[in-house]
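Accompanying notes for the structure given below.
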Amino acid sequence: MTQPHPSEFFGPEQAETYEARFAKLAALRDALLLVTRTAFHSLPDNARILCVGAGTGLEILDLARFRPGWTFHAVEPAPAMLDKCRIAVATAGMGDRCTFHEGFLDSAPEAEPFDAATALLVSHFILERSARQAFYAEIARRLRPDGRLVTAELVSDPGGEDHAGIMETWYDTLRYAGADEAGIEAYKGSFARGVSLLGPGEHTRLIEQAGFFRPVPLFQAVLMRGWLARRI
Ligand SMILES: C[S@@+](CC[C@H](N)C(=O)[O-])C[C@H]1O[C@@H](n2cnc3c(N)ncnc32)[C@H](O)[C@@H]1O
């Protein structure tokens, strides 16, 4: 199995509370969205953007407000998250600028190549390295040459000397966001079952091997790191 089905971690209850649970960390989320906007800033006015693991639609809403001519294709395997995304996009009056695919990217309909893609906080759920590389290769296949990908994930080398300190700081970050000790223990259990970490060097290599030029680091906060990569 390359990963447990995402609806195990992103069911109706988690989808309902997803944004509120991390509200105290909104500044980190906003910083990630800011660097995504800067990375996409010079795209054409009619750019088409593929959002993989679109979740409740946060990046789509942000990018859609930034550039009114851009259109989006949201790919999301967890139905409850996609429902929230559809509602958020429709409520923002942007329903005519977004199409939706419930499922994984490899089952999405073929389309004209996209100008850019996002995969924000998604790929660490793909447990096997080869499957994670295939995930990025499928994104590359759907981008035009030189098309841009902004990707962010949880990143740390489990064998690295910083790892224990990074994880402890990450749990403190979640405590700050509102998790109690039972919540931290539950999180550790889900993390052990559903998340696989790679170090930054290994993650960068994996993206390159999937068909991108060497990714540019964009963002780092505790366990989260983001890159801009351009398709070869
Ligand atoms: C932490 S949420 C991030 C959502 C959104 N990108 C954001 O930044 O708010 C991760 C999302 O990725 C989805 N996901 C997990 N594995 C996936 C995969 N292999 N392909 C596409 N989406 C996936 C989950 O269902 C979930 O909605």
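The values are calculated or read from the model by the stated rules, or taken from the named source; none is laboratory data. This one's a predicted model, so the numbers in the text were calculated from it and none came from an experiment. Neighbour counts run over all protein chains shown; Cβ positions are idealised from the backbone, glycine included. In case anyone asks, the SASA skips ligands and DNA or RNA and just uses the protein heavy atoms, side chains included. Shrake-Rupley method; radii C 1.70, N 1.55, O 1.52, S 1.80 Å.
Of the residues Arg37, Arg29, only one is basic (Lys, Arg), surrounded by 14 or more Cβ atoms within 10 Å (Cβ to Cβ) and more than 10 Å from the ligand (Cβ to nearest atom); which? Spell out the reasoning first.
Working: Arg29 fails: more than 10 Å from the ligand (Cβ to nearest atom).
Criteria check complete, one pass: Arg37.
Looking at (1) surrounded by fewer than 24 Cβ atoms within 10 Å (Cβ to Cβ); (2) within 13 Å of the ligand (Cβ to nearest atom); (3) touching a residue at least 40 places away in the same chain (Cβ under 8 Å), which is the one condition that is false for Ala88?
The number of the failed condition is (3).
Among residues belonging to the range 92-107 that are touching an Asp or Glu at 6+ places or on another chain (Cβ under 9 Å) and part of a loop (DSSP other than H, G, I, E, B), point out the one that is least open to solvent (accessible area, probe 1.4 Å).
We begin by selecting, within the range 92-107, every residue touching an Asp or Glu at 6+ places or on another chain (Cβ under 9 Å); these are 100-106.
This time we only want the ones that are part of a loop (DSSP other than H, G, I, E, B), so: 103-104.
Working: Gly103: 12, Phe104: 82 Å².
The qualifying residue least open to solvent (accessible area, probe 1.4 Å) is Gly103.
Tell me which helices (runs of 4 or more DSSP H) are completely within the range 154-209 and hold 3 or more residues being modelled with pLDDT of 95 or more and more than 20 Å from the chain's Cα centre (by Cα), or say none if there are none. So that I can check it myself, show each step before the final result.
Working: elements: 163-177, 181-194, 200-209.
Passing ranges, in order: 163-177, 181-194.
Considering only the range 108-133, state which residues are within 10 Å of the ligand (Cβ to nearest atom) and in a helix (DSSP H, G or I).
Result: Ser123, His124, Phe125, Ala131, Arg132.
Can you tell me how many residues within the range 43-84 are more than 8 Å from the ligand (Cβ to nearest atom), open to solvent by 10 Å² or more (accessible area, probe 1.4 Å) and part of a loop (DSSP other than H, G, I, E, B)?
Of the residues in the range 43-84, 6 are more than 8 Å from the ligand (Cβ to nearest atom), open to solvent by 10 Å² or more (accessible area, probe 1.4 Å) and part of a loop (DSSP other than H, G, I, E, B).
Checking Gln3 against (1) buried (at least 19 other Cβ atoms within 10 Å of the Cβ); (2) touching a residue at least 60 places away in the same chain (Cβ under 8 Å); (3) part of a helix (DSSP H, G or I); (4) within 10 Å of the ligand (Cβ to nearest atom), which test does it fail?
All conditions are met except number (3).
Do we have any residue at all in the range 136-147 that's in contact (Cβ under 8 Å) with a residue 24 or more places away in the chain, part of a loop (DSSP other than H, G, I, E, B) and of a type in the set (A, V, I, L, M)?
Residues of the range 136-147 in contact (Cβ under 8 Å) with a residue 24 or more places away in the chain: 136-147.
So of that shortlist, the ones also part of a loop (DSSP other than H, G, I, E, B) come out as 142.
Those still in the list that are of a type in the set (A, V, I, L, M) too: none.
No, the range 136-147 contains no residue that is in contact (Cβ under 8 Å) with a residue 24 or more places away in the chain, part of a loop (DSSP other than H, G, I, E, B) and of a type in the set (A, V, I, L, M).
Can you name the residue in the range 108-134 that is among the polar types (S, T, N, Q) and open to solvent by 20 Å² or more (accessible area, probe 1.4 Å) and is also farthest from Asp45 (Cα to Cα) among such residues? It would help to see each step written out before you state the result.
Our first condition is that a residue be among the polar types (S, T, N, Q); within the range 108-134, this holds for 118, 123, 130, 133.
Then keep just the ones that are open to solvent by 20 Å² or more (accessible area, probe 1.4 Å); that gives 130, 133.
Working: Ser130: 35, Gln133: 30 Å.
If we take residues in the range 108-134 being among the polar types (S, T, N, Q) and open to solvent by 20 Å² or more (accessible area, probe 1.4 Å), then Ser130 is farthest from Asp45 (Cα to Cα).
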